[in-house]
Amino acid sequence: MDGSGQSSGPGALRLGLVGPLPPPSGGMPNQTLQLQVLLRNEGVEVEMVRMNAPYKPEWAGRIKGVRALFRLVPYLAHLWSAAGRVDVFHVMANSGWSWHLFAAPAIWIGHLRGTPVVVNYRGGEAESFFRKAQKVVGFSLKRVDRTIVPSGFLQDVFGRFGFVCEIVPNIVNLERFNPVPLRAGAIEPHILIARNLEPIYDNATAIRALPLVRERCPQARMTVAGSGPLRAELEQLAAELGLKDVVTFTGRVDNAGMAALYQAADVMVNPTLIDNTPNSVLESLACGVPVVSTRVGGVPYIVQDGETALLVPPQDPRAMADAIVRVAQDRALAARLRENGLRHVQQFTWTNVKPRLLGVYHSVIRPRAAKAATTP
């Protein structure tokens, strides 16, 4: 490994990256894919162990009760074989059944095969999950070599339950997500929501805020970028509010396509009820787009109200509308949010995250290698 942290040649780091990949697009799949590409560019030999690999045969994915087995068995087999080839497992972990079905087996297989395990926990619902399953989760975490989280919010949650972890931030691709000029003067805002259409993201509150925005900005419009089970319900809500012609549902948008959507927006709204380190907020900052977000979970840990974003209570359409209108009409405020956000997001670049992440990997490999070298 040279001074840049890059590995090459016969001694290259061999990493088992365990996580989901798009599709569907989302925070953890996108981060996993980005990490895979970035690490390979650094000379790391990455073996991808995919948690959401396509069903084989394809028809198995259409049979409830059976499809989990068709995905889980090949996944476990791949984990077992990969553990014999790699130097370390990097396990992308979330709450709920995702932990039990995918993260915990990776931890235990790594433990049984003597492969160091780094758990990268990312679940915004960590506190409620730990409250229900603290003993079970703790039993597995004791077999983990290092646990990393992307935010101070999750570090605080882990600490309250007696779990030790350290912060390695999410990564924002500033080559893809970059700013366009801010429109001058009071504007009729184009509002972007970049969350999947699921209950915890509460897109309905943002849609209910739009008529309140249009009372003061009559030409305001909204784009909802994401997919999920609530699409028909949200489309019906927009129609009931007389917004059918000014709310566009794009469906699923891949990570590359999101940059153009951010750059076409005047404000990005994050209406979520639960969150950790939302990539949509960081990507918006990188594109110079002012952010209005609910004040929940880890959001106040990554943005400061009035400085890098405007924060509002959850499930409050009026407060959300007022914040959107402030951005639209107070362009000095919008410019300040933009400039502060562009500076703030620099800490999430690969240049800054790379040495921390590679340092974690090598810290767990070296003690094991030293031990193996001294074993008769």
| Convex hull per residue volume in Å³, alpha carbons only, for segment 215-367 | 140 Å³
| task | Determine the dipole magnitude for segment 190-347: charges of +1 sit on the beta-carbon of Lys and Arg, -1 on that of Asp and Glu, nothing else is charged, the reference point is the Cα centre, and the result goes in debye to the nearest 20. | result | 280 debye
| Residue among Ala93, Trp80, Gln134 farthest towards the positive dipole end of segment 24-160, charges placed on Cβ | Gln134
| Relative contact order of the chain, defined on C-alpha pairs under 8 angstrom at six or more residues apart (%) | 15 percent
| message | Of Ala264, Ala321, Val291, which is farthest towards the positive pole of segment 190-347's charge dipole, taken about the Cα centre with +1 and -1 on the beta-carbons of Lys, Arg and Asp, Glu respectively? | response | Ala264
| Hey, rough spin-label estimate for Asn352 and Leu241, points 7 angstrom out along Cα→Cβ, what's it come to in nanometres? | 3.4 nm
| For Lys132, which lysines qualify as cross-link partners when the Cα separation must be under 27 Å and same-chain residues fewer than eight apart are set aside? | Lys64, Lys142
| message | With both bridge residues required to lie in the chain, what share of the DSSP beta bridges run antiparallel, to the nearest 5%? | response | 5 percent
| request: Step through the residues of segment 73-79 one at a time and calculate ³J(HN,Hα) from phi using the Karplus curve (6.51 cos²θ - 1.76 cosθ + 1.60, θ = phi - 60°), rounding each to whole Hz and writing x for Gly and Pro. | output: 5, x, 4, 5, 5, 5, 4
| query | Dipole size in debye (nearest 20) for the chain around its Cα centre, Lys and Arg Cβ +1, Asp and Glu Cβ -1? | reply | 1080 debye
| query | By a straight-distance test (C-alpha under 12 Å), which aspartates and glutamates pair with Lys354 as possible cross-link partners, with residues fewer than eight away in the same chain excluded? | reply | Glu42
| query | Which value in nm describes the separation of the simple spin-label points at Arg252 and Lys135, placed 7 Å from the Cα toward the beta carbon? | reply | 4.0 nm
| note | segment 296-354 and segment 105-176 have their Cα centres apart by a whole-number Å value of 27 Å
| remark: Taking GluC sites (Glu not before Pro) as exposed when in a DSSP loop with at most 14 other Cβ atoms inside 10 Å, the chain has its longest clean stretch at 1-174
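Here, each number is a calculation from the coordinates, and none is a lab measurement. All values derive from a computational prediction rather than experimental measurement. In this analysis, Cβ positions are derived from the backbone assuming ideal geometry, glycine residues included, and neighbour counts consider all displayed protein chains.
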